[in-house]
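Asker: Just dropping this structure here.
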2 protein chains.
Amino acid sequence: MARPARLTKTGLAEKLSPVFERYGYDGASLSMLAAATGLSKASLYHHFPRGKEDMALYALAHAGARLQKLILAPLAGKDDPRDRLEASLAGTGRYYGGDIPHCLMNSLLLGEGRVLFADRIATAVTAWRQGLMAALSDSGVLGAEADSWAREMIERIQGALVLCRVSGTREPLETCLDALISELPLS
Amino acid sequence: MARPARLTKTGLAEKLSPVFERYGYDGASLSMLAAATGLSKASLYHHFPRGKEDMALYALAHAGARLQKLILAPLAGKDDPRDRLEASLAGTGRYYGGDIPHCLMNSLLLGEGRVLFADRIATAVTAWRQGLMAALSDSGVLGAEADSWAREMIERIQGALVLCRVSGTREPLETCLDALISELPLS
DNA sequence: GTCTATACACCGATAGAC
DNA sequence: GTCTATCGGTGTATAGAC
């Protein structure tokens, strides 16, 4: 495989994301972001000339790539639809890692971040929903029911993530994912 | 009824809440909060001597009172449990008002706000969950099922609120509340 | 590509007049 | 109880040496 530069944008985005996840766009300061990367504020501007907005965009791009890999790709195969849905939900548990899982797209929806990133986030959520719908349809669930199930799955996962922040644990998410698997409307 | 002072703490909390809801604790600046109340920053400190933290606490107290009135009180009557649950869900729709509904307790769970307010928020969520459980139990739903239904209802409502911020509309919340009413596990 | 030093606006908070 | 004026600190962002 190609040897990557020691400091890739992807590598930086990986370190920036947790700050945006925990503090939101307004709450994430350049001092925090610099500390998280191990660079100075000035060096961050070398990599992200347009400043904090650029950094959040790269964090979002990184989140989108992980969404694709861990959640959407498993949905798209040609295996048994039940296996695909279960694999995607398992991937969802890995996507939302950490002792207190956070959703970057949720955190960026407050304050100034909503103005800047709502379109991009809506696109990602739509892709997620359509991926779920497709797998549900493949399993024989009728169109309208597949639609409402896909919506409900994302709704419950996002709600569980809120409850994780309330309780300070991963437990609501794990319980939710288990419940979703057992309630899948499949034959 | 007693004549209230022209500027009550409750009246101020009502004006402060939308700012904390939309921007979170870190993102809400004193300039915004002053503008929202029509007071100067110095006057805000007269009413809330400990500054922004005090203001957020009063906003939380105001939210707690509204939760009690619109969501919890309807659950606690002696009417038919189905009527109580439906009344509470209708109250939930009013509690989360506005063109893009926001949840103060959710918004305060980011950044510094989580450190300061997580305990208080967890207490409110627990009360909500127990109120739902009690009404479900009264309707004959078994303990374990009442517990998981109460959890799922809050989870879905919170998730729907996230999707409202994604789409910029009330529609996910309204759809969720309608679905919950029609799916209530009652006789 | 990294850094130190710095610019200037805004932050939360306070002093003190009215 | 409200205000203007101001404090010290931090915010984002830039200049320029190495």
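Asker: If the chain between A:E14 and A:D79 were fully stretched, how many nm would it gain, using 0.36 nm times the residue separation less the Cα-Cα distance? Could the numbers behind the result be given before it?
Answerer: Numbers: separation 65, 0.36 × 65 = 23.40 nm, distance 3.13 nm.
Taking A:E14 through A:D79 to full extension adds about 20.3 nm, to one decimal.
Asker: Taking the Cβ of B:G91 as the centre, find all other residues whose Cβ is under 12 Å away and add up their charges (Lys, Arg: +1; Asp, Glu: -1). Could you put the intermediate results ahead of the total?
Answerer: Values: positive: B:R66, B:K69, B:R84, B:R94; negative: B:E86.
With Lys, Arg at +1 and Asp, Glu at -1, the net is +3.
Asker: FRET efficiency for A:D99 and B:A127, Cβ-Cβ distance as r, R0 = 30 Å, nearest 0.05? Before the final figure, lay out each step's value.
Answerer: Numbers: r = 25 Å, r/R0 = 0.85.
That pair, A:D99 with B:A127, gives E of 0.75.
Asker: So for the range B:80-141, taking the charge dipole from beta-carbon charges (+1 Lys/Arg, -1 Asp/Glu), which of B:P101, B:A134, B:F117 sits furthest toward the positive end?
Answerer: The listed residue farthest towards the positive side: B:F117.
Asker: Cα centroid distance between the range B:86-103 and the range B:106-144, in Å?
Answerer: 16 Å
Asker: Taking only DSSP H segments of four or more residues, each worth -39500 (n - 2.57), what value at 222 nm results for chain A once the sum is divided by all its residues, to the nearest 500 deg cm²/dmol? Walk me through the numbers before you get to the answer.
Answerer: Working: 9 runs with 134 residues, N = 187.
About -23500 deg cm²/dmol.
Asker: Another question about this same structure. Working from Cα positions, state the angle (0 to 90°, nearest 10) between the long axis of helix A:81-95 and the longest principal axis of chain A.
Answerer: Between the helix axis and the principal axis of chain A, the angle is about 30 degrees.
Asker: Tell me, what are the semi-axes, in whole angstrom and largest first, of the equivalent ellipsoid of chain A as set by the roots of 5 times the Cα gyration tensor eigenvalues? Present the calculation step by step, with values, prior to reporting the outcome.
Answerer: Numbers: eigenvalues 209, 62, 44 Å².
Its equivalent ellipsoid spans semi-axes of 32, 18, 15 Å.
Asker: By how many degrees, between 0 and 90 and to the nearest 10, does the Cα long axis of helix B:171-183 differ from the longest principal axis of chain B?
Answerer: Between the helix axis and the principal axis of chain B, the angle is about 30 degrees.
Asker: Apply the a/c threshold of 1.5 to the C-alpha gyration tensor of the protein assembly as shown and tell me whether it is rounded, prolate or oblate.
Answerer: Working: a/c = 2.17, a/b = 1.03, b/c = 2.10.
Verdict is oblate for the protein assembly as shown.
Asker: So how far, in whole Å, is the C-alpha centre of the range A:46-76 from the one of the range B:1-78?
Answerer: Each part reduced to its Cα centre gives a spacing of 36 Å.
Asker: Is the range B:104-172 rounded, prolate or oblate when judged by the Cα gyration tensor, a ≥ b ≥ c being the square roots of its eigenvalues, rounded requiring a/c under 1.5 and prolate requiring a/b larger than b/c? Walk me through the intermediate numbers first.
Answerer: Values: a/c = 3.44, a/b = 1.44, b/c = 2.39.
Taking the square roots of the gyration eigenvalues as a ≥ b ≥ c, the range B:104-172 is oblate.
Asker: How charged is the neighbourhood of A:K52? Take every other residue with its Cβ under 13 Å from the Cβ of A:K52, and add Lys/Arg as +1 and Asp/Glu as -1. Working shown, then result.
Answerer: Numbers: positive: A:K41, A:R50; negative: A:D26, A:E53, A:D54, A:E112.
Taking every other residue near A:K52 into account, the sum is -2.
Asker: Continuing with this model, one more query. Residue by residue, what Karplus-based ³J(HN,Hα) values in Hz, rounded to whole numbers, does the range A:113-123 have, using 6.51, -1.76 and 1.60 with θ = phi - 60° and x for Gly and Pro?
Answerer: These are the phi-based 3J(HN,Hα) values: x, 4, 4, 7, 10, 4, 4, 4, 5, 4, 4 Hz.
Asker: Let me ask another. Trypsin sites (Lys or Arg not before Pro) within the range A:75-125: which are DSSP loop residues with at most 15 other Cβ atoms inside 10 Å? Walk me through the numbers on the way to the answer.
Answerer: Numbers: sites: A:K78, A:R82, A:R84, A:R94, A:R114, A:R120; in loops: A:K78.
When the trypsin sites (Lys or Arg not before Pro) of the range A:75-125 are filtered for loop state and at most 15 Cβ neighbours within 10 Å, A:K78 remain.
Asker: Oh, and also: Using θ = phi - 60° and the Karplus relation 6.51 cos²θ - 1.76 cosθ + 1.60, list the HN-Hα couplings for the range A:137-153 in order, rounded to whole Hz, with x at every Gly or Pro.
Answerer: Values, residue by residue: 4, 4, 7, x, 5, 5, x, 5, 6, 4, 4, 6, 5, 4, 4, 5, 5 Hz.
Asker: Per 0.36 nm of contour for each residue apart, how much would the distance between A:A42 and A:E174 grow if the chain were fully extended, relative to their Cα-Cα spacing?
Answerer: Stretched fully, the A:A42-A:E174 segment lengthens by 43.5 nm.
A short reminder: the numbers here are calculations on the coordinates, not readings from a lab. Because the structure is a prediction, the values reported are computed rather than measured. Every residue, glycine as well, gets a Cβ built from its backbone with ideal geometry; the counts of neighbours run over all protein chains shown.
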